[in-house]
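Just below is one structure, and these are the notes that go with it.
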Amino acid sequence: MTFKKEIKFDPDNFTVTVPGQKGKEVTMGVFDKVKVRIVVEKDKNTQRGKVKMHLISPVESEGL
């Protein structure tokens, strides 16, 4: 998963901090439970499928 906005990665603690709603930051660890939405998008030119994953919980990632 990639983020468009700046994120903070702590390699010592294996955590990622992303901006959340209302300016709050959300920190997720490597083995924390999260919910994701998985969709298959077709490329307009090749008609091949591409898998996309969006983080749903603890923070919505579509705008990140």
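Filter the GluC sites (Glu not before Pro) in the stretch 7-64 to those in DSSP coil with at most 15 other Cβ atoms within 10 Å of their Cβ, and list the result. Don't jump to the answer; show the numbers that get you there.
On the way: sites: 25, 41, 60, 62; in loops: 60, 62.
Of the GluC sites (Glu not before Pro), the ones in loops of the stretch 7-64 whose Cβ has at most 15 other Cβ atoms within 10 Å are 60, 62.
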Q: Please give every one of the lysines within straight-line cross-link reach of residue 24, meaning a C-alpha to C-alpha distance under 21 Å, and leave out same-chain neighbours fewer than 8 residues apart.
A: 4, 5, 8, 33, 35
Q: Among (i) 19, 44, 35, 1; (ii) 17, 24, 34, 18, 6, 1; (iii) 19, 46, 24, 11, 0, find the value of P(r) over Cα pairs in 10 Å bins from 0, in percent that was calculated from the structure presented, and write down its label.
A: (iii)
Q: Could you pull out every one of the lysines with an alpha carbon less than 16 Å from that of residue 44, ignoring same-chain neighbours closer than 8 positions?
A: 52
Q) What trypsin sites (Lys or Arg not before Pro) does the stretch 1-52 have in DSSP loop regions with at most 12 other beta carbons within 10 Å? A) 4, 5, 24, 33, 44, 48
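Bear in mind that the values in this text are calculations on the coordinates, not laboratory data. Computed from a predicted structure; not experimentally measured. Methodologically, a virtual Cβ is constructed for each residue, glycine included, from the backbone with ideal geometry; neighbour enumeration extends over all protein chains shown.
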